[in-house]
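Reviewing the structure listed below.
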Amino acid sequence: MSNKESRNSQLSRRDFLKGTAAGALGLAAAGVLGGIPGAATVKAAGTYTPGTYSATAVGIGTVTVTMTFDEESILDVVVDVSEETPTIGGMYGEDLAKQILDAQGAEIDGISGATTTATAASKAAAACIAQAKGETVEISTNAASEEYEVPSELTAEEVEASACELGAVTPDEVKEFDVVVVGAGAAGVPAAGFAAEAGASVALLQKEASVVSQGNCGSAIIKSRSTEAGLMKWVHHTNCLDDWRADTKLLRAYVDHSEEALMWYLNRAGLTTETEYGDGSKVDSNEKCSELLNDGNGLFAYMSTSQDLTGMWSDRMDSYDYGEDHCYFMAPWIGPKPQNVGNALQKVLDNVAAANPNLEVFYSTPAVQLVKDGDKVTGVIAKDADGKYIQFNAAKGVILATGDYMNNDAMVARWCPDVADYDKKQYHKTGDGHVLALSAGAKMEPLGHTKMMHDFDSGLMYEEPFLYVNMDGERFTNEYTGFVYMGNVLKHQGRFSGSNVDANHPDGSKGWYCTIYDSDYENWPAEEFVSGMVPAAAMQKYIPGAVENPEGVFTNLIDSHCCDTLEELAEELGIPADALKASVDRYNELCEAGSDADFGKPAKFMHPIKTAPFWGVRKHIRVSSIDSGVMTNENGQALNAAGEVIEGLYCVGNLGGPFYGGADYPFHQTGLSLGRCYTFGMLAGKHAASK
């Protein structure tokens, strides 16, 4: 039985209220009425009435606890967490059951990173115990009703996969603010910070227990180092890479305001000061970045990919001529890994909140519903870690900054099916803001949502067109394809179950391939590299176990290997040795012929693989983000189907658009994704606070 079928098979609150007290008593005695208000049993001798009882409570989804009792003890506990996020709360059903059984009660120490699930399990266990004792089972009447009208822009499956509750909810408490921001990430933190610094009273609601953001690089256009025509050429160039589907008013807003947003973020993170480095001229080199963008506590800009777009820009697919004009972007990478911008944004939020007591942060408090007065959005109902519903009224506006929907399978299937079979880099990105916005009348961007997919972490030289083989050991593409497009190519390859496969894909996922080259690569001419040669010594920390406590990497993601024979290399990579050997032999034939008759790769990148030791990197293309959302204007205000502003509602970050439009995120400017989040978070915060 599916989760949905199971839930629908349970008694609804409306059905229960139609029954009589006698009927309730009978059902409770049979142990099938967990979680129903007023249910009671006739008390037998001993502490408990022997039997099996079930109850439910709401976590991310519905958590069901089933407990078996004799007269004096709990004999067995089963915790069903199948509706929780598989790689978070969904992993800990057995652990939670053991804690309840060992405690012989509802007390749970908790599970790090799965507090919401653990709290729900504890509540459901308490309800089971109350039933077994013959006590009244108290369940809050504030829970959302099981039946609700699904907004026309949504499906029931999309709503159920989110943290939202669209049925009737009565708040336990009401709080008053000027601005309410939902989501503490790359857009939400600037939105809350700028609104608070503008004098507004601000509530920042975060589903997680801390700030969450991914990636290391956020960038901005530095207008003082650009020409006016160069800035407009950037807009035209970006829209071209967006398949001409972007709203250029949004691109112009980024050009005009991204520098202010980036400098604010760097300053509030303790990395620099606005006045001294405001023009970006101090961070053109890695050396300057590390020296000047440094908080003194281990967080710094470990490299820079700042660039002046001038003359002819080109990648492996497109070109654009800036002529004599200039568009300069500043792109510091904050870390080093495993630290990322999430660490910096936490510092930003802590510093801004300390300086502005009008900003209050509510962690572990997901928004479940918007509050409306007619068509105007006037607040948010959220649920705290104790399950209490709190209504946060927003006199000036609600800013949704909840991130994308990659973990909402129903939304992925409808809006971005390209990524359904790939592992995801983030968790709890269940499209909460999308569901809330659409329920308030917002309009989703047209089909064909933009995705970002790549792998920076398994090994270096990820752009080099070495020999590529799939997990069957077979060559499958012209390797001159940019690595950022490999996710599209790999749709036509098979699945693989590697050590890092996502729990959502127990039968394996797509997005795996191996790059193969030999140790002679260090002798190739410089012009025969795409992104530059990295010496073998520098790659050692990307070989699992080769370096003790390697710095600047995610140790669970590195997957580079160096072996004396191809057979040994194949074993390390998990591919058939005979197939790899055949692919290498054929590739060497083509290299010696000087022409790639199989896939058409440019001859200058054809290098035979003969000199041991042999190198292989097992690449794992995962979904970094889905970068499309609901229609907005340049202030971040949500728009309805008629293109009209929905009063009181803003959608920013990966929830807001249309800033992109192509099937793939444009990689002409590193850090554009996070830079866009910073910028539109700032614009929405300022605009809402000014009302």
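The values are calculated or read from the model by the stated rules, or taken from the named source; none is laboratory data. The structure presented is a predicted model; accordingly, all values stated were derived computationally and were not measured. Cβ coordinates were reconstructed from backbone atoms using ideal geometry, including for glycine residues, and neighbour counts include every protein chain displayed.
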Is at least one residue of segment 347-354 charged (D, E, K, R), in contact with a Gly (Cβ under 7 Å, 6 or more places away or on another chain) and touching a residue at least 60 places away in the same chain (Cβ under 8 Å)?
yes
Could you go through segment 398-410 and let me know if any residue there is charged (D, E, K, R), touching a helix residue (DSSP H, G or I) at 6+ places or on another chain (Cβ under 7 Å) and modelled with pLDDT under 95.
no
Just checking, which of 418, 472, 404 is over 30 Å from residue 597 (Cβ atoms), among the acidic types (Asp, Glu) and not in a helix (DSSP H, G or I)?
404
If you scan segment 193-215, which residues turn out to be part of a helix (DSSP H, G or I) and within 15 Å of residue 360 (Cβ to Cβ)?
193, 195, 196, 197
Of the residues in segment 336-348 that are modelled with pLDDT of 95 or more and touching a strand residue (DSSP E or B) at 6+ places or on another chain (Cβ under 6 Å), the one that is farthest from residue 197 (Cα to Cα) is 341
Residue that is modelled with the lowest pLDDT [pool: residues in segment 97-139 that are within 22 Å of residue 173 (Cβ to Cβ) and buried (at least 16 other Cβ atoms within 10 Å of the Cβ)]:
139
Could you check, for segment 403-410, whether at least one of its residues is surrounded by fewer than 24 Cβ atoms within 10 Å (Cβ to Cβ) and assigned by TED's automatic domain parsing to the domain that holds residue 368?
yes
Hey, among the residues in segment 51-77 that are in contact (Cβ under 8 Å) with a residue 40 or more places away in the chain and farther than 26 Å from residue 116 by Cβ, which one's surrounded by the most Cβ atoms within 10 Å (Cβ to Cβ)?
69
Restricting the first residue to segment 518-532 and requiring it to be closer than 14 Å to residue 609 by Cβ, which pairs with a second residue that is among the aromatic types (Phe, Trp, Tyr) and surrounded by 15 or more Cβ atoms within 10 Å (Cβ to Cβ) meet a Cβ separation below 6 Å and a spacing of at least six or different chains?
518/614
Would you check which residues across segment 363-373 are surrounded by fewer than 20 Cβ atoms within 10 Å (Cβ to Cβ) and either in contact (Cβ under 8 Å) with a residue 12 or more places away in the chain or in a helix (DSSP H, G or I) (or both) and list them?
363, 364, 372
Do we have any residue at all in segment 61-69 that's on the phi > 0 side of the Ramachandran plot and modelled with pLDDT of 70 or more?
no
Taking residue 670 as meeting all but one of (1) part of a helix (DSSP H, G or I); (2) of a type in the set (Val, Ile, Thr); (3) over 30 Å from residue 520 (Cα atoms), write down the number of the exception.
(1)
